[in-house]
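J.: Supplied in structure tokens, the structure appears directly below.
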Amino acid sequence: MAASNRIFCLSLGSQTVRFAEFNLDSRGGLVLCGYRTSELLADPAMDSTRVAQTGLLLRELSAAVKASGSSVNYSIPSQSVFTRFVKLPSVAEEQVGQIVAFEAQQNVPFPIEEVVWDYQLVTSPDPGKLEVVLVAIKSDLLEELNTAVEDAEFRTEVVDVAPMALYNAFRYNYSDLGGCSLLIDIGARTTNLIFVEAKRVFSCSVPLGGNTITVAIVKDFNEPFAAAEERKKRQGFVSLGGTYAEPQDPEVARVSKLVRNTMTRLHAEITRAISRYRTQQGGSQPERVFLCGGAVAMPYMREFFSEKLALPIEFLNPLRNVAVGKGVDVSEISRDSHLLGELVGLGLRSGSDCPMELNLRPASVVQARETAARVPCLVMAGVCFLAILAGWWAYFAHAASVQNTVCEQMQQKVNDLGGVESKFSAIKDVIKKNQEVVVPLIEAVNNREYWVRLIEDINTRLPDRFIWVTSVEVEAPKNEVASNPKDKAKAPKPPVLVLKGFYVGPDAGNARGVAVVDQFAEALGKSPYLTLQPGKDRPATVPPEDWAASYTIRLDLNPSPLKQSSAK
């Protein structure tokens with residue numbers, strides 16, 4: 001068999017840890033390839049260290065079978081799990097989950113957020129109703145147990161409940177039986193009663209088991225629990241009672257009577273459970289009983305139940321349809337076959353579909369599995385992201401290559417144009433030098449024509465009579481020192497043209513005579529060559545008997561239009 005076919009199973013009892021390894025044959029059937037069992041300290045006073053003891057045994061077991069990193073299915077004893085069969089009204093399939101969640105909150109005796117719970121639909125005796133089995137366990141207890149399992153380097157796959165694992169094993173091996181069968185699983189602290197009828201199942205637990213007998217011995221013999229447990233294993237059997245002779249050893253007789261008293265109490269509980277199953281669950285009277293669990297190996301246990309229940313009694317054989325590998329000790333398996341029911345049921349969870357598939361995996365395991373399930377998606381997303389980055393990198397690399405090629409071509413053109421630019425610069429330099437030579441000549445020509453045109457312009461504006469010009473002078477401008485540094489950037493003042501002369505007439509000495517001068521000044525102010533300075537050097541007042549008066553007109557000389565054009 002391939003190593004990947006290995007199926008590891010653990011039954012975590014309150015007093016015993018059992019391990020089995022299975023493989024799948026070519027037809028998908030189970031093959032038992034290994035079996036081990038280890039005992040825990042039986043003293044109830046040591047319950048606080050029980051998980052630590054379990055973890056130590058599991059680590060030793062994992063190292064012995066070389067199961068490090070392998071998946072494992074394990075079961076939890078019934079006393080640690082709340083189990084309830086609940087009837088529901090017939091509703092649509094999509095509403096079952098909501099109703100079951102509501103029922104779980106109503107039935108589970110702990111806050112729902114503090115437990116891990118699961119459910120499964122089971123066949124109901126009432127055609128118009130549904131029935132589910134609810135199972136729940138405290139989250140902290142489950143995490144503690146699971147930590148012990150994973151510290152032994154197992155990987156949790158399935159967390160089942162012991163009675164349901166036993167039910168799966170029974171259905172796999174005794175599918176040919178009709179009627180109602182009762183499984184009595186007597187463990188250390190509880191006895192699980194499982195009613196199997198056609199496709200129906202019902203289970204309940206009785207708080208009586210092997211430790212109940214040990215506690216009775218402790219009280220009767222006044223000895224420690226460990227000594228009482230050893231006495232039970234060494235001397236214990238079920239007293240037959242009645243006319244049967246008692247053992248000669250009085251201590252053995254005392255032990256056998258204590259065992260019988262406990263079993264009698266258990267029988268009473270079983271009778272009540274059968275009655276409850278028939279009345280409340282609508283079940284049938286059991287037609288046969290199968291014994292399993294650690295305490296049923298006690299001598300005369302089968303005879304006791306046969307006498308009390310008046311039904312066919314046999315030990316459960318969970319290996320009825322399970323093959324046994326060559327390396328397995330057949331004698332040990334034959335001796336402990338009634339203890340392997342839970343392990344076979346756990347093995348079936350990985351090998352085939354089971355009628356009961358509850359799974360109480362803790363939140364840490366579920367979260368780890370969801371994360372592991374997302375890893376391929378995350379890896380694929382990362383690969384896609386890297387592929388996108390690679391695509392963009394290739395695109396930009398190609399774009400950069402194209403850009404470099406274009407830049408090289410453009411640079412070649414720029415280099416070619418650089419030569420043209422150099423030629424243009426040389427031509428500009430020549431033009432500038434020629435301008436430097438020509439501008440003074442142009443200015444000389446303009447200056448020569450300027451005064452001629454200026455005088456001609458003055459003559460055109462001179463009135464025909466009563467006034468004449470005696471002198472034309474040019475004064476240099478008086479540039480004032482600027483008090484504000486910003487004023488230094490202003491243009492310098494232009495030269496001043498001073499016209500002097502006389503005007504004549506009978507009114508030369510009064511305001512009417514002065515008007516002739518003002519008209520002449522205003523006409524000069526309209527010249528393109530001159531700008532009138534208003535309010536300066538008006539004609540002097542002369543006596544009335546004088547026939548002529550002098551005047552002075554001051555005007556700013558405008559730059560020559562030809563000079564301006566040449567400067568531009």
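J.: Which of L343, G179, V445 sits closest to the plus end of the dipole of the chain, meaning its Cα is farthest towards the positive end, when Lys and Arg get +1 and Asp and Glu get -1 on the C-beta?
T.: Projecting each Cα onto the dipole axis, the largest value belongs to V445.
J.: Oh, and also: Using a Förster distance of 51 angstrom, determine the FRET efficiency expected from the C-beta separation of T271 and Q367, and round it to 0.05.
T.: The calculated FRET efficiency here is 0.65.
J.: Any idea which of P528, A63, M46 is furthest toward the positive side of the dipole for the chain, if Lys and Arg beta-carbons carry +1 and Asp and Glu beta-carbons -1?
T.: P528
J.: If you don't mind, there's one more thing I want to ask. Out of T190, V100, A400, whose Cα points farthest toward the positive end of the dipole of the chain (charges: +1 Lys, Arg; -1 Asp, Glu; placed on Cβ)?
T.: My answer, from the dipole projection, is A400.
J.: Related question: Scan region 167-255 for chymotrypsin sites (Phe, Trp or Tyr not before Pro) in coil per DSSP, keeping those whose Cβ has at most 14 other Cβ atoms within 10 Å, and list them by number.
T.: Counting only loop positions with at most 14 other Cβ atoms within 10 Å, the chymotrypsin sites (Phe, Trp or Tyr not before Pro) in region 167-255 are Y244.
J.: Where does each of E303, E93, E443 land when they are ranked from fewest to most other beta-carbon atoms within 10 angstrom?
T.: With the fewest neighbours first, E303, E93, E443 line up as E93, E303, E443.
J.: At 0.36 nm per residue, and after removing the present C-alpha to C-alpha distance, how many nm does the segment from A52 to A394 gain when stretched out fully?
T.: Residue separation times 0.36 nm, minus the Cα-Cα distance, leaves 117.3 nm.
J.: What is the dipole size for the chain, taken about its Cα centre, with +1 at each Lys and Arg Cβ and -1 at each Asp and Glu Cβ, in debye to the nearest 20?
T.: 620 debye
J.: At 0.36 nm per residue, and after removing the present C-alpha to C-alpha distance, how many nm does the segment from R234 to Q519 gain when stretched out fully? Walk me through the numbers before you get to the answer.
T.: Details: separation 285, 0.36 × 285 = 102.60 nm, distance 15.58 nm.
Gain on stretching R234 to Q519: 87.0 nm.
J.: Let me ask something else. How far apart, in nanometres, would the label points at E287 and K413 be if each is projected 7 angstrom from Cα along the Cα-to-Cβ direction?
T.: Distance between label points: 10.1 nm.
J.: Which order results if D518, D457, D176, D160 are arranged by neighbouring Cβ count within 10 Å, fewest first? List each step's numbers first, then the result.
T.: Values: D518 14, D457 17, D176 6, D160 28.
Exposure proxy ranking, most exposed first: D176, D518, D457, D160.
J.: Quick check: the distance between the Cα centres of region 126-181 and region 327-359, to the nearest angstrom?
T.: Answer, in whole Å: 13.
J.: Still on this model: Just want the ordering: L386, L291, from fewest to most Cβ atoms lying within 10 Å of their own Cβ.
T.: If I rank by nearby Cβ atoms, fewest first, I get L386, L291.
J.: Separate question: I'd like the distance between the alpha-carbon centres of region 377-427 and region 284-320, rounded to an integer number of Å.
T.: After rounding, the separation between the Cα centres reads 88 Å.
J.: I need the calculated FRET efficiency for the pair E94 and T123, taking r as the beta carbon distance and R₀ as 25 Å, to the nearest 0.05.
T.: The formula returns an efficiency of 0.75 here.
J.: At 222 nm, what value in deg cm²/dmol follows for the chain if DSSP H runs of at least 4 each add -39500 (n - 2.57) and the sum is divided by all its residues, to the nearest 500?
T.: -15500 deg cm²/dmol
J.: Contour minus end-to-end for Q79 and E251, with contour as 0.36 nm per residue of separation and end-to-end as the Cα-Cα distance?
T.: Gain on extension, Q79 to E251, equals 58.8 nm.
J.: Report, in order of residue number, the helices in the chain meeting two criteria: a C-alpha extent of 27 Å or more along the helix axis, and a mean Kyte-Doolittle hydropathy of at least -0.5; treat each whole DSSP H run as one helix.
T.: Span-like helices in the chain: 363-461.
J.: A follow-up question, please. Are there trypsin sites (Lys or Arg not before Pro) in region 18-116 that DSSP marks as loop and that have at most 11 other Cβ atoms within 10 Å, and which are they?
T.: Sites meeting the loop and neighbour criteria: R27, K66.
J.: Here's another thing I want to ask about it. Taking region 140-220, which trypsin sites (Lys or Arg not before Pro) meet the DSSP loop condition and have no more than 14 other C-beta atoms within 10 Å?
T.: When the trypsin sites (Lys or Arg not before Pro) of region 140-220 are filtered for loop state and at most 14 Cβ neighbours within 10 Å, K199 remain.
Where a number appears in this text, it was derived from the coordinates with a stated rule and is not lab data. Just so it is clear, the model here is predicted, and its values are computed rather than measured. Counting neighbours? That spans all protein chains shown, and the Cβs are built from the backbone with ideal geometry, glycine included.
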